[in-house]
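The values are calculated or read from the model by the stated rules, or taken from the named source; none is laboratory data. Bear in mind that the values here come from a model prediction, so they are computed numbers and not experimental data. Using ideal geometry, Cβ is built from the backbone for each residue, glycine included, and neighbour counts are taken over all protein chains shown. The accessibility values were calculated without ligands, DNA or RNA, using every heavy atom of the protein model including side chains. Shrake-Rupley method; radii C 1.70, N 1.55, O 1.52, S 1.80 Å.
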Amino acid sequence: MNIGSSPYRLSKAPRQAPRPELKLEYPSEEVEPARNGRPVVLLHGTIVEKDGIEEFRKFALSQGHPVNHRSYPTITKGGLIEESTEIASREVNKSRAEVARGRIEALKERTPEALTEFFQIDAELYGERDPDAEKILPHLPGLVAQVESVVTGPQAQIESRLGRSLKAIEADLVEGLKKDGLTEQKAAAIAEELLDTVAPKAIVIGHSAGGFVAQTLAVNPETQDGDDPFAYDGGNGVGEVVLLSSPVGKGLPQPAPTGILELPFYNYDRTVLQPAEKNPLVTLARLNPLTNLAYTSSKSLLKTLFYVGTQVSTTMTSPMVHLAKPGYAQVEESHEFFNQYVKDREIPEGLTVISVTSPLDKLVQEERSRLSDEMENGHNYSFDLDVTEEQVKKERPTWTHVIMTEQPEHLKKEYSEDILAQPKALMKLLNPKNDEGVRVKALDILWAGLETSPDYLKAHPEVKDVLEKVAAERLPFEDSASYKAYSLLAMSSNL
């Protein structure tokens with residue numbers, strides 16, 4: 001793998017112990033780093049393997065994120081979901097630790113001035129001096145040292161308990177800030193952002209079965225030591241999850257999704273019937289309206305028979321398939337694993353999950369991918385794929401499921417446009433239960449929208465009300481959602 005420009009590969013400082021091998025690919029030096037340098041962990045599915053999610057690797061790098069892009073044989077082969085999730089958990093922890101080591105090494109001096117700049121702290125962001133901001137600085141040297149000791153520790157501990165270790169450091173920091181007079185809410189928000197700055201949380205993007213693994217990881221974080229095979233330490237270190245056509249809402253139908261049931265006839269039609277239809281004698285015969293009607297009716301009946309036959313055969317063979325590939329069973333609507341560990345599972349506060357679906361997807365139908373609308377930090381987005389109706393009819397039934405991984409630029413453009421067109425969706429993203437990085441990105445979309453539609457807030461006063469609530473959080477960070485909301489309100493008042 002091309003490592004790119006790792007932020008600490010150029011360091012010439014003596015090393016006390018061998019470094020773990022670098023696992024991430026880094027953006028080129030020409031690309032502006034993403035906020036906090038968060039790593040992106042990609043999880044492919046069973047049909048679309050590592051190479052199939054390549055476009056999202058390129059996209060993440062272009063947005064300034066380091067990328068963890070590897071193969072997951074347990075996903076490809078239909079292994080147990082808990083096994084794939086444990087592997088993903090360790091990859092999240094390794095990615096976070098690698099980025100944290102690089103960020104700490106880039107902080108060559110730990111003077112008050114260097115720390116203030118690194119954490120982007122400003123006590124006068126909101127027009128008056130914030131005494132709470134001044135109370136942060138004494139905690140920073142100790143915070144950096146604590147994180148450094150954790151991310152440079154034994155690799156086995158990094159992989160298995162990094163999330164809990166950093167959570168414990170964050171909890172101690174909250175208590176220290178509270179003793180200094182900060183409210184519990186503000187202390188918690190500041191501590192979370194400080195930790196995310198020095199040891200950034202991961203963004204996990206999963207397609208299909210990979211998305212199912214990502215959701216399992218995110219909603220089952222390991223909170224205490226133990227041998228629970230269904231709790232994952234890496235879940236503590238995820239800030240944002242993007243699910244691409246993943247059946248986390250209702251699971252896959254039994255015996256199989258529509259796209260699978262239609263596939264045998266598609267193959268027969270493509271390899272047998274369509275070539276026969278091009279025969280000059282058949283073409284001539286079908287010029288007769290009665291002959292053509294009879295042929296069309298017979299073909300339609302044959303399609304139905306294929307569909308029903310595939311249903312029956314799939315039902316009969318499912319037990320044998322599930323015996324060899326148990327992960328296939330775990331994503332189905334009636335399976336105990338799905339109902340206990342995924343379906344309607346509460347999304348932890350501070351984490352955002354966005355489920356991206358498409359009405360064209362016949363393998364994972366749109367309604368089966370939707371999260372509960374009642375969760376403030378769970379979001380559903382229906383994506384109009386950049387394809388023609390002719391392409392959809394021509395290609396195999398699973399094609400639209402596959403190309404969900406091929407259009408990240410189009411997805412970003414359409415998502416940004418639709419978020420502005422749907423104020424309720426925008427306001428939901430700004431809810432404080434969401435990840436801070438997601439809230440900032442939502443405000444970036446709004447900022448771009450105000451530049452082209454300066455009267456947007458006048459047309460949508462409810463959005464302005466939410467902005468005022470976000471600005472009132474008064475976090476003393478230049479890249480915080482509260483300061484961006486404050487700046488947006490100031491900009492709009494001057495338009």
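Taking only pairs six or more apart or across chains, which ones have beta-carbon atoms under 6 Å, a first residue in region 328-348 that is free of Cβ contacts under 8 Å to residues at least 60 places away in the same chain and buried (at least 21 other Cβ atoms within 10 Å of the Cβ), and a second residue that is not aliphatic (A, V, I, L, M) and not in a loop (DSSP other than H, G, I, E, B)?
Partner pairs satisfying both residue conditions: Ala329/His322.
Just give me the residues in region 407-449 being hydroxyl-bearing (Ser, Thr, Tyr) and buried (at least 19 other Cβ atoms within 10 Å of the Cβ), in sequence order.
Selection gives nothing.
Quick check on this structure: which one of Gly350, Gly378 is touching a strand residue (DSSP E or B) at 6+ places or on another chain (Cβ under 6 Å) and modelled with pLDDT of 90 or more?
Just one listed residue meets the conditions, Gly378.
Can you pull out the residues in region 355-367 that are modelled with pLDDT of 90 or more and open to solvent by 40 Å² or more (accessible area, probe 1.4 Å)?
Pro359, Leu360, Glu366, Glu367
Could you tell me whether region 71-84 includes any residue that is assigned to a loop (DSSP other than H, G, I, E, B) and either without any contact (Cβ under 8 Å) to a residue 24 or more places away in the chain or in contact with an Asp or Glu (Cβ under 8 Å, 6 or more places away or on another chain) (or both)?
Yes, that holds for at least one residue.
If you take the residues of region 103-112 that are closer than 17 Å to Leu194 by Cβ and under 28 Å from the mean Cα position of the chain (by Cα), which of them is surrounded by the fewest Cβ atoms within 10 Å (Cβ to Cβ)?
Filtering region 103-112 for residues that are closer than 17 Å to Leu194 by Cβ and under 28 Å from the mean Cα position of the chain (by Cα), the one surrounded by the fewest Cβ atoms within 10 Å (Cβ to Cβ) comes out as Ala106.
Out of the residues in region 199-223 meeting the condition of being assigned to a strand (DSSP E or B) and of a type in the set (Val, Ile, Thr), tell me which one is surrounded by the most Cβ atoms within 10 Å (Cβ to Cβ).
The qualifying residue surrounded by the most Cβ atoms within 10 Å (Cβ to Cβ) is Val204.
Of the residues Val48, Val92, which single one is open to solvent by less than 20 Å² (accessible area, probe 1.4 Å) and at pLDDT below 95?
Val48
State whether the residues of region 130-141 include one that is surrounded by fewer than 23 Cβ atoms within 10 Å (Cβ to Cβ) and within 30 Å of the chain's Cα centre (by Cα).
Yes: one or more hits.
Can you pull out the residues in region 395-444 that are more than 28 Å from Glu478 (Cβ to Cβ) and part of a loop (DSSP other than H, G, I, E, B)?
Glu395, Arg396, Pro397, Thr398, Glu406, Gln407, Gln422
Evaluate the following for Ser480: is it polar (S, T, N, Q) and open to solvent by 10 Å² or more (accessible area, probe 1.4 Å)?
Here the answer is no, as Ser480 does not meet what is asked.
So if I check each of Ser453, Ser482, Ser487, which one is over 20 Å from Asp122 (Cβ atoms) and of a type in the set (Ser, Thr, Tyr)?
So the residue among Ser453, Ser482, Ser487 that is over 20 Å from Asp122 (Cβ atoms) and of a type in the set (Ser, Thr, Tyr) is Ser453.
When region 458-495 is examined, which residues are found to be assigned to a helix (DSSP H, G or I), at pLDDT below 95, more than 12 Å from Leu443 (Cβ to Cβ) and of a type outside the set (Gly, Ala, Ser)?
Those that are assigned to a helix (DSSP H, G or I), at pLDDT below 95, more than 12 Å from Leu443 (Cβ to Cβ) and of a type outside the set (Gly, Ala, Ser): Lys458, Asn494.
Restricting region 133-180 to residues that are β-branched (Val, Ile, Thr) and assigned to a loop (DSSP other than H, G, I, E, B), which is nearest to Val238 (Cα to Cα)?
Thr152
So which of Glu170, Glu159 ends up being open to solvent by 10 Å² or more (accessible area, probe 1.4 Å), closer than 30 Å to Lys325 by Cβ and of a type in the set (D, E, K, R)?
Just one listed residue meets the conditions, Glu159.
If you take the residues of region 224-263 that are of a type in the set (Val, Ile, Thr) and at pLDDT 95 or above, which of them is most open to solvent (accessible area, probe 1.4 Å)?
Selected residue: Val242.
Scan region 101-114 for residues that are in contact with a helix residue (DSSP H, G or I) (Cβ under 7 Å, 6 or more places away or on another chain) and in a helix (DSSP H, G or I) and jot them down.
Arg101, Arg103, Ile104, Pro112
Can you say whether Lys464 is closer than 21 Å to Gly127 by Cβ and not β-branched (Val, Ile, Thr), as far as the supplied structure shows?
Spelling it out, Lys464 is indeed closer than 21 Å to Gly127 by Cβ and not β-branched (Val, Ile, Thr).
Which residue is nearest to Gln365 (Cα to Cα), if the candidates are limited to region 378-394 and must be of a type in the set (Asp, Glu) and in a helix (DSSP H, G or I)?
Looking at residues that are of a type in the set (Asp, Glu) and in a helix (DSSP H, G or I), I get Glu389.
Being part of a helix (DSSP H, G or I) and modelled with pLDDT under 95 is the filter here, so list the residues in region 115-132 that pass it.
Pro131, Asp132
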